[in-house]
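A short worksheet on the structure shown next.
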Amino acid sequence: MICRSIIPLLAVTGTFLLGACGDSAKDKAGGVEILNVSYDPTRELYRDVNAAFAKTWKAETGQDVTINMSHGGSGKQARAVIDGLGADVVTLALAYDIDEIAERSPALSKTWQQRLPSNSAPYTSTIVFLVRAGNPKGIKDWPDLVKPGISVITPNPKTSGGARWNFLAAWAYGREAGGSDAAAEAYVTKLFANVPVLDSGARGSTTTFVERGIGDVFLSWENEAFLAQKELGPGKFEIVVPSISILAEPPVAVVDGNAKKHGTTAVADAYLQFLYTPEAQDLIGKHFYRPRDAQAVAKYADIFPKVNLVTIDDAFGGWKAAQDKYFSDGGVFDTIFAKIKR
Amino acid sequence: MAATESRTARWLLIAAALGFLGIFLFLPLVAVFAEALEKGVGAYMAAIVEPDALAAIRLTLLVAAISVPVNILFGVSAAWAITKFDFPGKSLLITFIDLPFSVSPVVSGLIFVLLFGAHGWFGAWFAERDIQIIFAVPGIVLATVFVTFPFVARELIPLMTEQGRDDEEAALSLGASGWQTFWHVTLPNIRWGLLYGVLLCNARAMGEFGAVSVVSGHIRGLTNTMPLHVEILYNEYNFVAAFAVASLLALLALVTLVLKSIVEWRFNYHHRGTGH
């Protein structure tokens with residue numbers, strides 16, 4: 001008897017649940033919505049870019065566009081898109097995470113990186129050190145990070161794109177200083193032995209360093225370091241530029257399958273192309289990302305220090321090779337991490 | 001002499017209890033409200049009526065409004081089946097009801113990704129029909145129902161066991177139908193326990209973070225519940241707004257606590273009064 005009364009009730013509830021998904025329809029009142037799945041530190045940048053793009057799109061087509069945002073660690077976000085998060089565009093921290101989507105989901109073509117100028121990376125950044133005011137531990141360059149008693153903050157390379165750039169920048173230094181990959185591994189092992197906590201994303205690490213006051217030096221995206229300095233207390237932090245770092249190219253791509261399904265291909269394409277316009281490039285510089293556009297580069301030239309930058313392609317043979325060697329399960333990072341724990 | 005000593009001990013115990021409450025309960029509460037109102041009532045209100053915050057509040061209430069009734073239904077049927085009937089596998093069922101309590105919320109969330117994700121068991125079937133389960137409202141509801149389903153059943157099972165089957169058997173032998181028996185005999189006996197379970201269930205449904213975080217997709221204004229929205233605001237250095245939304249959650253919790261105390265008081269009164 002109980003069963004007989006439960007089943008129809010469950011069916012009613014089920015219908016209600018399914019009904020609820022109708023609400024997330026992409027078109028509302030003549031406008032169009034797209035979803036940009038991005039990594040952690042781009043929140044402030046895309047808030048401005050989205051407003052500017054919505055204005056431009058309205059002027060060109062008369063259509064209202066709403067850009068929904070989702071932020072998180074780059075690897076975690078890629079995972080969510082693979083698992084079915086309906087991103088129309090992805091703007092992640094590194095090419096490998098978008099490669100992974102192309103690899104595991106039919107929604108994205110494997111040649112995505114050739115579709116937009118400059119390796120589909122409309123802005124670049126690099127890795128710098130953020131230290132507390134007055135630089136009390138006297139941190140000048142990479143060798144200072146492995147001294148005993150120095151506490152280094154970085155997110156987890158397994159989940160965070162920024163942390164993978166951190167790891168590779170440190171490796172590039174170790175290899176140049178010691179002349180071999182073995183020397184680099186020894187250096188990076190010592191470096192990670194000085195890391196007290198690994199957050200899953202760059203923003204979590206910023207909070208650890210800035211809000212919770214843990215650590216002497218924070219290996220940070222350059223843009224995140226400038227932002228922390230600006231938002232959280234001018235004069236509380238200083239940026240230290242190391243002798244060598246890595247050129248980080250955070251790429252963007254339209255997820256064709258999702259955009260086609262939502263009927264948003266045109267607006268998604270236009271959105272990413274908009275990132276290369278002088279207007280967006282100026283916003284990019286304003287939010288402390290290094291712009292590509294010559295005019296914006298000139299305008300923000302005195303903000304960004306000149307750094308000796310290695311590239312992922314020259315120093316590590318591209319992201320695929322770097323990912324497989326250093327960050328896959330059982331890769332170099334896992335070996336190093338296991339060694340430290342013991 | 002002995003009297004003074006015991007009085008000292010009594011005061012020490014009371015002071016310890018109050019001190020503990022002060023540090024772990026009142027201080028954080030005060031801190032939440034102090035941070036939220038740091039820039040004045042205007043900033044506080046602005047943070048709460050902001051569209052993304054309103055969307056988060058609406059979503060949280062919607063999720064609770066769906067998952068609580070579902071769990072009342074489940075909890076009452078499960079408790080009834082377990083206490084009024086004998087069947088094989090009964091103890092196994094009781095164990096399964098406890099499962100969401102013992103499983104980490106993150107795992108609870110991942111279960112649904114494995115089932116309904118694009119590469120999950122049923123993912124392709126739903127994708128063909130253009131039905132989005134995870135990273136959308138249905139997934140959030142499912143995860144919440146899962147983590148909250150023990151509350152009602154767990155509250156009712158001991159109560160109904162204690163009450164036994166005599167009343168129901170009497171009603172049935174006098175010619176009442178099953179439904180009449182439930183409505184006029186069982187329900188009045190369990191109503192305070194049921195209400196208590198519902199309040200606990202509701203509190204957890206509105207406050208759940210872990211499982212919901214895994215299946216949410218974190219889309220602002222669409223799939224962020226209040227706890228997730230608090231985290232996002234905090235990460236964006238928007239502390240006033242983060243604590244304003246957190247204070248709303250705290251208020252909801254306080255209301256629940258007050259209701260809970262009232263129900264508890266009535267429940268004890270009735271429970272003793274009727275002499276079952």
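Laid out as a table, the results:
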quantity: Residue, nearest to the other protein chains (Cβ to nearest Cβ), within segment A:103-120, restricted to residues that are without any contact (Cβ under 8 Å) to a residue 60 or more places away in the chain and more than 18 Å from A:Gln273 (Cα to Cα); calculated: A:Arg104
quantity: Residue in segment B:87-104 that is farther than 24 Å from B:Thr161 by Cβ, more than 14 Å from chain A (Cβ to nearest Cβ) and out of contact with any Pro (no Cβ under 8 Å at 6 or more places or on another chain) present; calculated: yes
quantity: Residue satisfying condition, being open to solvent by less than 20 Å² (accessible area, probe 1.4 Å) and either polar (S, T, N, Q) or more than 14 Å from chain A (Cβ to nearest Cβ) (or both), within set B:Glu208, B:Glu264; calculated: B:Glu208
quantity: Segments classed as helices (runs of 4 or more DSSP H), wholly inside segment B:125-191, with at least 2 members that are among the polar types (S, T, N, Q); calculated: B:137-148, B:150-163, B:178-181
quantity: Matching residues, segment B:135-192, being within 21 Å of B:Leu114 (Cβ to Cβ) and among the aliphatic types (A, V, I, L, M); calculated: B:Ala136, B:Val137, B:Ile140, B:Val141, B:Leu142, B:Ala143, B:Val145, B:Val147
quantity: Which numbered condition A:Val195 misses (of (1) open to solvent by 10 Å² or more (accessible area, probe 1.4 Å); (2) at pLDDT 95 or above); calculated: (2)
quantity: Residue identified as over 30 Å from B:Leu200 (Cα atoms) and either touching a residue at least 40 places away in the same chain (Cβ under 8 Å) or loosely packed, with under 13 Cβ neighbours inside 10 Å (or both) among B:Ala170, B:Ala127; calculated: B:Ala170
quantity: Matching option when the condition is basic (Lys, Arg), open to solvent by 10 Å² or more (accessible area, probe 1.4 Å) and more than 13 Å from every other protein chain (Cβ to nearest Cβ), among A:Arg132, A:Arg79; calculated: A:Arg132
quantity: Pairs with Cβ under 8 Å, 6+ apart, first in segment B:98-111 and free of Cβ contacts under 8 Å to residues at least 40 places away in the same chain and in the same structural domain as B:Asn71 (by TED's automatic domain parsing), second in a helix (DSSP H, G or I) and hydrophobic (A, V, I, L, M, F, W, C); calculated: B:Ile111/B:Phe146
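The values are calculated or read from the model by the stated rules, or taken from the named source; none is laboratory data. All values derive from a computational prediction rather than experimental measurement. A quick note on method: Cβ atoms are made from the backbone with ideal geometry, for glycine too, and the neighbour counts reach across all protein chains shown. Keep in mind that these areas ignore ligands, DNA and RNA; they rest on the heavy atoms of the full protein, side chains included. Shrake-Rupley method; radii C 1.70, N 1.55, O 1.52, S 1.80 Å.
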